[in-house]
Amino acid sequence: MKEEIRQKLTGAVIGLARTCEKNEKTENTNRVFLEALTVAGDWSASIFDMSEMLEKARKYEEEQGKQIKAEDRPAFHVSPYVGWMNDPNGFSYYQGEYHLFYQYYPYDTHWNSMHWGHVVSKDLLHWKHLPAALAPDEDYDKIGCFSGSAIELEDGRQLLLYTAVDQEKMEDGTVRDIQTQAVAVGDGKDYKKYEKNPVLTAKDLPEGASKVDFRDPKIWKGKDGNFYCVIGSRPADGSGQILLYRSENGFDWKFVSILAKNKKRFGKMWECPDFFELDGKHVLLTSPQDMLPEGLEYHNGNGTLCIIGEMDQDTYTLKEQFTQSVDYGIDFYAMQTLGTPDGRRIMIGWMQNWDTIAHRCNDSKWFAQMSLPRELSVKNGRLYQTPIKELDTMRKDRVEYNNVVINNDTISLDKIEGRTIDMELVIRPEDKENVYKKFALRFAQNERFHTELCFRPDESVLKIDRKFSGSERALVHQRRCLVNGDANELKLRVILDRFSAEVFINDGEQVMSAVIFTEQEAKGISFFAEGAAKIDVVKYDLV
């Protein structure tokens, strides 16, 4: 294939040169000929620098992805062009566009040898698929190009910093993964791996840290002009920790400090860290594995953790002040943030969970999606999340009801339905002296299916339940969240997009996310109260 392209390029250049010689024997001939050689050389170089593995992935995704109908995908959430998707990678703003890469296996809807998929957007809602950016085609990353991040260099190129995975054979004959960090540089579409990769290896780890669990670098540029990155690590005690590194150029890295230590409090290995300053605080986001619940704050399994505190500038360590979950629902993991040109901090996450990955129908040609991008803020020691303001431009056909009383009944409201909607809901007791016992919102509903949000004000507990959403597997179908604030007024904003629900509670103080695969014909919405509740509803179609 490559030799055929080489021959065609050579023939085209020679043909162009002969044409120039026949028609115009001037200095212009030489100029045109040299320009042709330059263009052909650049094209040729880009092709011949691309590995056969990456070329194969790009060809496969181009052929297969276009066969998936738009209506079979989420309307405004990122999904893979074809195949498998997990962690968001390289969430960044580069040359006037938002770039999002992701863990990717194009050939199947199950996790396998990790590539990097790639999409771009002007508004964080309408995404264009670009060809796969990375493939595991070098000795040091042949097991996979795992998660990482992206940033613009001083010379205008885009740098990708990622975890490269290789294997080593042990004395007893067993094999284990070895994780290092590598870089690739490109123009926003094509990327070339650094000839001196990997740039961080076991020799750059602090004493006792594992070279098996050393992954997911998140890069940013500091106020001092240096590049910094945080990387998830596992110390000798088997718990998690976050390492901090510094570089002057993005290629040569030095260990700085252990930024934060788990000390066996929140699960085990801390994956996919992110670290940034926001509203006068320093915020560390990470996704711990193997968590144990603490009341309703943290759930079993693979979870999310936000640590808010102050940065000790002398020791480069984070002094913790507050901790919380990032998402209280069923499906959310491996979140990553970026700073927008207008100063906002935007987060996106994998709207899926390792404990529920069988939830996708087997006949689908794509698996998993990203969350809605969310704007972050810190208020009173808590992380708040709200849908990005760009979503407002998609709102159409406003329908509003005020002071609707529901008394031991289930009701529907005219024109309150749909599977791609933005709905705001305020629930109050009809009589503050006699508070209702239960309120329920059901959506993606027909005679057979529904997903439910249920609130009990006496407990101040909100539950999401998708067991009737069409799943044929005994997976995690319920999560409960202890709602902060006054239980006499609950504010919800519910975003639905075909295969998902995201619930923003009390102006974004908490969020619950869940994947659903209910048939699209199930678009009904109903409201129920045990006792007397009063509601205000505003609903928009998202177009």
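Worth a mention:
- Check on residue 164, closer than 21 Å to residue 262 by Cα and small (Gly, Ala, Ser): no
- Taking the conditions (1) without any contact (Cβ under 8 Å) to a residue 12 or more places away in the chain; (2) assigned to a strand (DSSP E or B) in turn, residue 472 satisfies each one other than (2).
- Where strands (runs of 3 or more DSSP E) fall entirely within region 91-151, those with at least 2 residues that are open to solvent by less than 10 Å² (accessible area, probe 1.4 Å), touching a Ser or Thr at 6+ places or on another chain (Cβ under 8 Å) and not hydroxyl-bearing (Ser, Thr, Tyr) are at 97-105.
- Meets criteria (open to solvent by less than 40 Å² (accessible area, probe 1.4 Å) and over 21 Å from the mean Cα position of the chain (by Cα)) for residue 249: no
- Test: residue in region 98-110 that is closer than 18 Å to residue 191 by Cβ, among the aliphatic types (A, V, I, L, M) and touching a residue at least 60 places away in the same chain (Cβ under 8 Å): yes
- Any hit, region 276-296, residues being in contact with a strand residue (DSSP E or B) (Cβ under 8 Å, 6 or more places away or on another chain), within 25 Å of residue 99 (Cβ to Cβ), open to solvent by 60 Å² or more (accessible area, probe 1.4 Å) and in a strand (DSSP E or B): yes
- Selection from region 305-324 of residues that are open to solvent by less than 60 Å² (accessible area, probe 1.4 Å), free of Cβ contacts under 8 Å to residues at least 40 places away in the same chain and either part of a loop (DSSP other than H, G, I, E, B) or not acidic (Asp, Glu) (or both): 305, 309, 311
- Within region 86-105, restricting attention to residues that are farther than 24 Å from residue 331 by Cβ and of a type in the set (Phe, Trp, Tyr), the residue that is farthest from the chain's Cα centre (by Cα) is 94.
- Of the residues making up region 191-223, those that are surrounded by fewer than 17 Cβ atoms within 10 Å (Cβ to Cβ) and of a type in the set (D, E, K, R) are 192, 195, 196, 203, 207, 221, 223.
- Sole residue being in contact with a His (Cβ under 9 Å, 6 or more places away or on another chain) and not in a strand (DSSP E or B), chosen from 331, 342: 331
- Selection within region 448-489: residues that are among the polar types (S, T, N, Q) and within 22 Å of residue 521 (Cβ to Cβ). The member of this set that is modelled with the highest pLDDT is 451.
- The lone criterion from (1) charged (D, E, K, R); (2) part of a loop (DSSP other than H, G, I, E, B); (3) at pLDDT 95 or above left unmet by residue 55 is number (2).
- Some residue of region 163-182 being aliphatic (A, V, I, L, M), more than 19 Å from residue 138 (Cβ to Cβ) and part of a strand (DSSP E or B): no
- Residue within region 521-538 that is modelled with pLDDT of 95 or more, open to solvent by 10 Å² or more (accessible area, probe 1.4 Å), in a loop (DSSP other than H, G, I, E, B) and of a type outside the set (Gly, Ala, Ser) present: yes
Here's the yes/no breakdown for (1) out of contact with any Leu (no Cβ under 7 Å at 6 or more places or on another chain); (2) without any contact (Cβ under 8 Å) to a residue 60 or more places away in the chain; (3) polar (S, T, N, Q):
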| site | (1), (2), (3) |
| --- | --- |
| 352 | yes, no, yes |
| 411 | yes, no, no |
| 419 | no, no, no |
| 443 | no, no, no |
| 460 | no, yes, yes |
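- Region 235-248 residues that are touching a residue at least 40 places away in the same chain (Cβ under 8 Å) and under 12 Å from residue 213 (Cα atoms), paired with ones that are of a type in the set (A, V, I, L, M) and open to solvent by less than 10 Å² (accessible area, probe 1.4 Å) (beta carbon under 7 Å, 6 or more apart): 240/269; 242/230; 242/259; 242/260; 242/284
- Going through (1) closer than 19 Å to residue 155 by Cβ; (2) touching a residue at least 40 places away in the same chain (Cβ under 8 Å); (3) of a type outside the set (Lys, Arg) one by one, residue 204 falls short only on (1).
The values are calculated or read from the model by the stated rules, or taken from the named source; none is laboratory data. Only a predicted model underlies this, so the values are computations on that prediction, with no experimental measurement involved. Reconstructed Cβ throughout: ideal geometry from the backbone, glycine too, with neighbour counts over all protein chains shown. Accessible surface is based on the protein model in full, side chains and every heavy atom, while ligands, DNA and RNA are left aside. Shrake-Rupley method; radii C 1.70, N 1.55, O 1.52, S 1.80 Å.
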